[in-house]
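Structure first, commentary second.
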Amino acid sequence: MSPRLLALWLKESIALLRDRHGLLALFIMPTIFILVMTLALRDAFTPGVSIDVSYSVIDLDHSPSSQALVKRLSRSASFRTTPPPADLTAARDAILHARQTLVLVIPADFGKRLLTPGGTDGQPPQAMTLLVDPALAPALQLAFRNQVMAALGAVRADELSLKAGKLFGLPTVANTGERDWPDEIRSEAVRGDQNARLPSSVQQNVPAWLIFAMFFVVIPVSSIFIIERQQGTLQRLRAIGVPFRLILSGKLLPFFVVNQLQALLMVLVGMYLVPLFGSEALELPGSTPLLLEWWSVSAAVSLAAVAWALLVASLARTSEQATIVGGVGNILMGAIGGIMVPKFIMPAAMQTLAGFSPMAWGLEGFHIVMLRHGDFADLLPSLGKLLLFALLALTVAIRLNQRALANQS
């Protein structure tokens, strides 16, 4: 190994250790992100956990059918049920003063007209009324409406079965709507090696925010690089015959090591710190091949992040410019790459755009290993894109700096 390269690595390591504030930001920021986002999104990735939105039901019918509907709604784990208000006036007042969010009003004669389509008997239809807090997200309003319609459909099906059984003399069970039916659907995550339970929010958030943190190495890299350029260090290295590609190689290893330390710390946070706040612990793949695949994704993301940082440092003339360009670039790559907003809830056009973000490639690689337990062949597209991005960024950075140094000569 070249003694000059070892000397460059030592120089970069000393400069990096002096930037204590930058190092703290690289390690503290992702820790906070992982804790906050894991706890905030815990219920979104955990089946059967209730949403912190309450509802109540005002039953003006008090028939077996209306009671069956209320019971079916209460068995759903999505929304919390609360005691009903005394009347409609009290319900509206509770919503107006933010004491209640959703109130479902079951009209009189609900049971009698359960199987009568609206208007077919010459009478105007009596629809159920849903009183809604205007501040409630439309998606949650729609979710509750769908839950009510599903329960209503089940009650109607039970009633039809009962009537058909009586009509044709088939065996029937009274009050079918009141029975406690077992859960007939079991979710199973399909993985490369076995089927397993669904992943928790920590399995989703640790890789995402780890990638985001790795790319923020752009701040210390660009800061050190620009200071060296302003102080003439790069010119002196060039004057003694050190090729610029060797200078960039000297910067790769120290920051690559920092990224791997970030990865180790974030894994430990997910395994030991996150459970202290009530969420599930991070689970790494148990087999050695999958652990090696996990590290290969981490290494590829790190190379792409450091190469991106060197490119930004080569483009910027001041530390302020590098901070703005690098910070905004990272936020944009994270926003469209599924780091801040899960890709599956994006519109189709945005999902297509996400395919151009290096952070999306890294996240897909981590998901292949941690969630799907795929083999190395499955990783090749993600790894190939990350390494190609790193190579292109380094090539452009070398060309830019060679041109700048040539103009100064």
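Overview of values
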quantity	calculated
Extension gain from residue 76 to residue 295, taking 0.36 nm per residue of separation minus the Cα-Cα distance	74.8 nm
Gain in span if fully extended, residue 2 to residue 376, counting 0.36 nm per residue against the direct Cα distance	131.4 nm
Computed FRET value (nearest 0.05) for residue 320 with residue 137, which takes r as the C-beta separation and R₀ as 30 Å	0.20
Two-site label geometry, residue 161 and residue 130: point separation in nm, points 7 Å out along Cα→Cβ	2.5 nm
5 angstrom amide H check on residue 355, placed H, neighbours 5+ away	none
Distance (nanometres) between label positions extended 7 Å along Cα→Cβ at residue 98 and residue 112	4.3 nm
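Every read-out reported here was derived from the displayed coordinates using simple, explicitly stated rules and does not represent laboratory data. Given the structure is predicted, the values throughout are model-derived calculations rather than measurements. In this analysis, Cβ positions are derived from the backbone assuming ideal geometry, glycine residues included, and neighbour counts consider all displayed protein chains.
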